[in-house]
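Below: the structure, in structure tokens.
Read the figures in this text as sums done on the coordinates, not as results from a lab. Please read these numbers as outputs of a predicted model, since none were measured by experiment. Virtual Cβ from ideal backbone geometry, glycine too; neighbours counted across all protein chains shown.
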Amino acid sequence: MTTNDSTSIDGVTQLSPSFKIPIVLFVFSIPIALFQVWIGGSIALFSLFLLFQAATLRLIFTTTDLDVYRGETLFRRFPYQDWQNWRIFYPAVPVLFYFKEVKSIHFLPILFDPKALKACLEKYCPIIPEQ
């Protein structure tokens, strides 16, 4: 799979970052801050945190695992054999990616191309997603 939003080499696909959610949250925080400084400021700080995460984290789909990298360092590895199901919340405006392993549940904000994410999930981890 090769799209403008991901790169694929030898069966390994790296998703490109997407800054849409952090930017939308930051813009959304500005008018809120005019009326509720603490709430608007909190949303703005959260959006900056997500912006940093989008800039530093990389999702790499291999034939056996989903690898999460921070820069060049492997941060976490999720073997597909441990996955029970997955789901992308709000497909029209995807904001959250959920997957369940045998021993844990994970929720990740979508800080990468959602179409490429779904294509990779269907290719590398063809578990029937939860509805």
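Points to keep in mind about this one:
- Shape box of the chain [Cα atoms, principal axes, largest first, Å]: 49, 30, 26
- Highest-fluctuation residue, PHE52, PHE19, PHE97 considered, GNM on the chain with Cα pairs under 10 Å: PHE52
- Length-normalised contact order of the chain in % [C-alpha pairs under 8 Å, at least 6 apart]: 23 percent
- Residues whose placed amide H lies under 5 Å from that of LEU96, excluding near-sequence neighbours: PHE89, ILE110
- Assigned charges on the beta-carbon of Lys, Arg, Asp, Glu; the chain dipole about Cα centre (debye): 220 debye
- Stretchable slack from SER16 to GLU72, in nm (0.36 nm times residue separation minus alpha-carbon distance): 18.7 nm
- Relative to the dominant Cα principal axis of the chain, helix 37-56 is inclined by about 30°.
- Fewest-first ranking of THR63, THR56, THR73, using other Cβ atoms within 10 Å as the exposure measure: THR73, THR63, THR56
- Acute angle (nearest 10 degrees) that the helix 20-35 long axis makes with the longest principal axis of the chain, alpha-carbon atoms: 20 degrees
- Value at 222 nm in deg cm²/dmol, rounded to 500, when DSSP H runs of n ≥ 4 in the chain each add -39,500 (n - 2.57): -12000 deg cm²/dmol
- Dipole-positive endmost among GLN84, LEU117, LEU50 within the chain (Cβ charges, Cα centre): LEU50
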